[in-house]
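Please treat every number below as a calculation from the coordinates, not as lab data. Everything numeric here is computed off the predicted structure, so don't read it as measured data. Every residue, glycine as well, gets a Cβ built from its backbone with ideal geometry; the counts of neighbours run over all protein chains shown.
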Amino acid sequence: MSNNWIEACPADEIEEEDVIRFDHGGRTFAIYRSADDEYFATDGLCTHEQVHLADGLVMDDIIECPKHNGRFNYKTGEAKSAPVCVNLQTYPVKLEGGKVFVQLD
């Protein structure tokens, strides 16, 4: 695995049980903060119709796409309900100095 850690945002920029959009290198990612104060990152576009997941609804460990209500587990990337059937890619996340970093390939 690469050591390409990219600063995504200040940790306090994301509310608990919420998601924000993060763009880097021509790609879109979604950064999540769980109710347990843990941080996660996935691709930022729904695998069904390329809609921004940061506009969706976070419930527990699920992100719901705002367009057709497909659901993913944002911790694992697993597609959980139709119409989505392709998993999201997930990325390692670390906190350092009050900032969220994502490890990208």
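Counting only other residues whose beta carbon sits under 15 Å from that of residue 92, what net charge do I get with K and R as +1, D and E as -1?
-2
So what is the relative contact order of region 51-105, in percent, for Cα pairs below 8 Å that sit 6 or more residues apart?
19
Excluding same-chain residues fewer than 8 positions from residue 67, which lysines have a Cα within less than 29 Å of its Cα?
Residue 67 reaches 75, 80.
Take residue 95 and residue 75, extend 7 Å from each Cα along the Cα→Cβ direction, and tell me the distance between the two endpoints in nm.
1.6
Using the Cβ atoms and a cut-off under 11 Å, what net charge is assigned to the surroundings of residue 53, where Lys and Arg are +1 and Asp and Glu are -1?
Overall, the nearby charge balance is 0.
Can you give me the relative contact order of the chain as a percent, contacts being Cα pairs under 8 Å and 6 or more apart?
28
Taking the chain as a whole, which cysteines find no other cysteine Cβ under 4.7 angstrom from their Cβ?
9, 85
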